[in-house]
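The values are calculated or read from the model by the stated rules, or taken from the named source; none is laboratory data. Everything numeric in this text was worked out from a predicted model, so none of it was measured. Methodologically, a virtual Cβ is constructed for each residue, glycine included, from the backbone with ideal geometry; neighbour enumeration extends over all protein chains shown. Remember, those area values only see protein heavy atoms, side chains included, never the ligands or the DNA or RNA. Shrake-Rupley method; radii C 1.70, N 1.55, O 1.52, S 1.80 Å.
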Amino acid sequence: MAYSTTRFSAQFAYRLIDSLQTFLEASTATALAEIDSSLTDFKDYRTPTPIVLNFPALFISTGGVVMEQSDDDSHIKSQTEFYIDIAVDGKDAYTLQRTILKYVLAVDRILRTMTVADLITAVSSTVSEPIWEVTEHQFGLLREQDTIYRIDARIILVVQMLER
């Protein structure tokens with residue numbers, strides 16, 4: 001039997017990732033300037049941080065989606081984990097450690113000020129209002145190559161939503 005019309009309109013992480021990307025790109029310059037006017041906005045939002053060449057950089061990916069389908073098949077609850085990866089470089093390890101903390105702080109503040117309208121276009125009979133929270137800040141090891149230091153960080157954002 002071939003694929004036919006799906007019984008659910010659920011889009012899971014796909015419904016959220018572009019809105020999250022757009023909101024972060026629109027908000028980072030202001031949030032960074034509020035913390036430290038010498039911080040530059042992210043130069044790259046589209047390259048995974050392990051291979052990025054332009055710093056500072058931010059990349060959003062999906063860590064996974066846990067789903068729970070209702071017994072009567074009327075809806076699906078989902079919990080999506082997003083990874084917001086940040087990479088910075090510099091010439092001084094001491095300063096760089098403080099710099100990555102400032103970038104993480106700025107992005108965390110942005111995520112905590114996001115509204116439902118920023119994340120999804122509308123609440124409807126097919127999608128409920130999402131709830132989200134930042135659950136972790138993770139920091140990578142300081143690396144050095146040719147007297148340039150680099151450090152990465154990851155913010156984990158969890159979004160819960162009910163879709164039909």
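Structure values in brief
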{"quantity": "Arg150 accessible area, assembled protein chains, probe 1.4 Å, Å²", "calculated": "30 Å²"}
{"quantity": "Full-extension gain in nm, Thr22 to Gln160, via 0.36 nm per residue minus C-alpha separation", "calculated": "47.8 nm"}
{"quantity": "The chain - percent of accessible surface contributed by carbon and sulfur, probe 1.4 Å", "calculated": "52 percent"}
{"quantity": "Nearest 10 degrees, 0 to 90: helix 13-35 Cα axis against the chain principal axis", "calculated": "30 degrees"}
{"quantity": "Within a Gaussian network of the chain (alpha carbon springs, distance under 10 Å), most fluctuating of Lys43, Lys102, Lys77", "calculated": "Lys43"}
{"quantity": "Distance cut-off 27 Å, percentage of C-alpha pairs in the chain lying past it", "calculated": "32 percent"}
{"quantity": "Sites Ala117 and Thr147, calculated FRET efficiency, Cβ-Cβ separation with R0 35 Å, nearest 0.05", "calculated": "0.15"}
{"quantity": "Taking the chain and dividing mean pair separation by its residue count, relative contact order in percent (alpha carbons under 8 Å, at least six apart)", "calculated": "26 percent"}
{"quantity": "Accessible-area value, Ser38, 1.4 Å probe, nucleic acids and ligands omitted, Å²", "calculated": "90 Å²"}
{"quantity": "Surface accessible to a 1.4 Å probe, per residue, for the residues of the chain, Å²", "calculated": "57 Å²"}
